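One structure, as structure tokens, below. Some questions next.
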Amino acid sequence: MVHRVLIIGGGAGGLELATRLGDSLGRRGKAEVTLVDRARTHLWKPLLHEVAAGSMDVHAHQLDYLAQARWHHFRFAPGALAGLDRGAREVLVGAVTDDTGEEILPARRLAYDSLVIAIGSLTNDFGTPGVQDHAFTLENAWQANLFHRRLVNACFRANYANDGRVLHINIVGAGATGVELAAELHNTLRVLAAYGLTHFAPDRQIRIAIIEAGPRILAGLPDYLAEATLKTLNDLDIAVHVNARVTAVHADGIDTAGGTRLPGEFCVWAAGVRCDPVLAALDGLETNRLNQLAVRDTLQTTRDENVFALGDCAAVPWRDGRTVPPRAQSAHQMAGTLAKTIARRLDGRPPKAFRYRDFGSLVSLGNYQSVGTLMGFVTRGSVRVEGLVAKLFYISLYKLHLMALHGFWRMALDTLARLIRTQTDPRVKLH
């Protein structure tokens, strides 16, 4: 019987793994590889802030799972993870409905021999009142695109009214997503105004604020990264509030623990991550307080050697009692390791341990600044990079992801085609 590999989650790690296994095992008939995801298309998650700001057209960068499956010899099954039956080695997949609620596919069971759970993470609202009703999150392309559409509509209304009204945008959370979104918005809203919004002046009518519960922005990254980023944000007149825990979100503003009320027509919640609660009820698998699956250094879950986890939803042991950080580079490395591990399983060989290599951190503030630290490229230590060099390394991360999905030549042709289209497309998404 052909070995059945079931991958739940088509994010950066899950889709790369499905592609690698399809090309290496599915193509030769050595394994039946199936990818399951609640969405129909894939977008690299670190790009969501660009979609929200309008500097990237989501429709031009999304990848259809069905097309990728056809090209790379695996199957795609739409649906969301609903449960697990480890005894029967079956995954429960929820029903699929359309936007009217009509059922397209019923709830069903999919069998596996090797199961990989890679469903990523969700935004952690810490139970803050009003977040679900009044804040946008950047968990997927649909939410990012919805925020952009509503912001563009608000700018059109302000331009038509010609009354000088001010739009306040509050971004809760000063991690990489929050600060990168703030800088992108500062740039794209000014470009948007140049496309015929003659009665709308972003310098006077847009106020962007970042609200952070901790003592500094970019917690966990080197101090010089935070300092350089903060200087750029200050230069852009983006307000940064630290030691300001948000206690409630309203339709017209937010409240902080210090008693301050910040006005705001728009709120983007980018503070903290957690995993889907479904992971805490997966037939006895061990999870932590963030609902991440506890795994060994082989990426096997602690209570079932046939179930693996990768990416944000996996609590992978690292060093000093910490777990591997939830980054795209982590998922990319785990996908490479698991592709080899599953091939070894088919040959009856034991898995090898996963070893995470931290290649550093990069923060891109759009056209204004890029700064970061690279580790392990030139020396055994770290190298600080800024400006164009940092920007090129930042872009290369996405290109490496595309190369893992399409190969070098298709990635190169895709890059060339996008460069050509920029000559005729507007600089920002206008709808």
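Each value in this text was obtained by applying a stated rule to the coordinates, not by laboratory testing. Worth saying up front: this structure is predicted, and the values here are computed from it rather than measured. Please note: Cβ atoms are built from the backbone with ideal geometry, for glycine as well, and neighbour counts cover all protein chains shown.
Going by amide H atoms built from the backbone, whose H comes under 5 Å of the H on Phe136, apart from near neighbours?
Distant-sequence amide H within range of Phe136: Cys267, Val268, Trp269.
At a Cα cut-off below 24 Å, give the lysines reachable from Lys231, other chains included and same-chain residues fewer than 8 away excluded.
The qualifying lysines are Lys391.
Which of [x] 1.01; [y] 1.44; [z] 0.96 is the computed Cα Rg over 2.2 N^0.38 Å for the structure on display?
Among [x] 1.01; [y] 1.44; [z] 0.96, the one derived from this structure is [x].
Kindly work out what percent of the DSSP beta bridges joining two residues of the chain are antiparallel, to the nearest 5.
The answer is about 50 percent antiparallel.
Oh, and also: Can you list which of the trypsin sites (Lys or Arg not before Pro) found in segment 334-372 are DSSP loop residues with at most 16 other C-beta atoms within 10 Å?
Lys352, Arg355, Arg357
List the residues whose amide H sits under 5 Å from the amide H of His42, counting only those 5 or more places along or on another chain, with H placed 1.01 Å from N in the peptide plane.
The list, which skips near neighbours in sequence, is Leu63, Asp64, Tyr65.
In debye, nearest 20: dipole of segment 157-312 around its Cα centre with unit charges on the Cβ of K, R (+) and D, E (-)?
For segment 157-312, the charge dipole is close to 500 debye.
OK, next. So how far, in whole Å, is the C-alpha centre of segment 258-329 from the one of segment 181-245?
So the separation of the two Cα centres works out to 28 Å.
Which value at 222 nm does the chain reach when only helices count, each DSSP H run of 4 or more adding -39,500 (n - 2.57), with the total divided by all residues and rounded to the nearest 500 deg cm²/dmol?
Helix-only estimate at 222 nm: -10000 deg cm²/dmol.
Could you give the angle, 0 to 90 degrees to the nearest 10, between helix 387-406's Cα long axis and the longest principal axis of the Cα atoms of the chain?
Roughly 40 degrees between the two axes.
Extension gain Leu400-Asn243, at 0.36 nm per residue separation less the Cα-Cα distance, in nm?
In short, 52.9 nm is gained.
Could you run the Karplus curve 6.51 cos²θ - 1.76 cosθ + 1.60 with θ = phi - 60° over segment 40-51 and give me ³J(HN,Hα) per residue in whole Hz, x for Gly and Pro?
Rounded to whole hertz, the list is 9, 10, 10, 9, 4, 4, x, 8, 5, 5, 6, 5.
Another question, then. Put +1 on the Cβ of each Lys and Arg and -1 on the Cβ of each Asp and Glu in the chain; which of Ala107, Cys313, Ile342 then has its Cα farthest toward the positive end of the dipole?
Working it through, the farthest residue towards the positive pole turns out to be Ile342.
Using the Cα centre as the reference, give the magnitude of the dipole from point charges on the C-beta atoms of the chain (Lys, Arg: +1; Asp, Glu: -1; all else neutral), rounded to the nearest 20 debye.
1340 debye
Separate question: Can you find, among Phe136, Cys155, Thr422, the residue sitting farthest towards the positive end of the charge dipole of the chain, where Lys and Arg contribute +1 and Asp and Glu -1 at Cβ?
Thr422
Return the sequence-ordered ³J(HN,Hα) values of segment 185-194 in whole Hz as given by the Karplus equation 6.51 cos²θ - 1.76 cosθ + 1.60 applied to θ = phi - 60°, using x for Gly and Pro.
My calculation for segment 185-194 gives 4, 4, 7, 5, 5, 6, 5, 4, 4, 6 Hz in order.
Students often forget the sequence filter, so: which aspartates and glutamates lie under 15 Å Cα-Cα from Lys340 once same-chain residues fewer than 8 apart are removed?
Glu16, Asp23, Asp297
Pop out the ³J(HN,Hα) list for segment 407-420 in order, Karplus 6.51 cos²θ - 1.76 cosθ + 1.60 with θ = phi - 60°, rounded to Hz; leave Gly and Pro as x.
The phi angles translate into x, 5, 5, 5, 4, 5, 5, 4, 4, 5, 4, 5, 4, 5 Hz.
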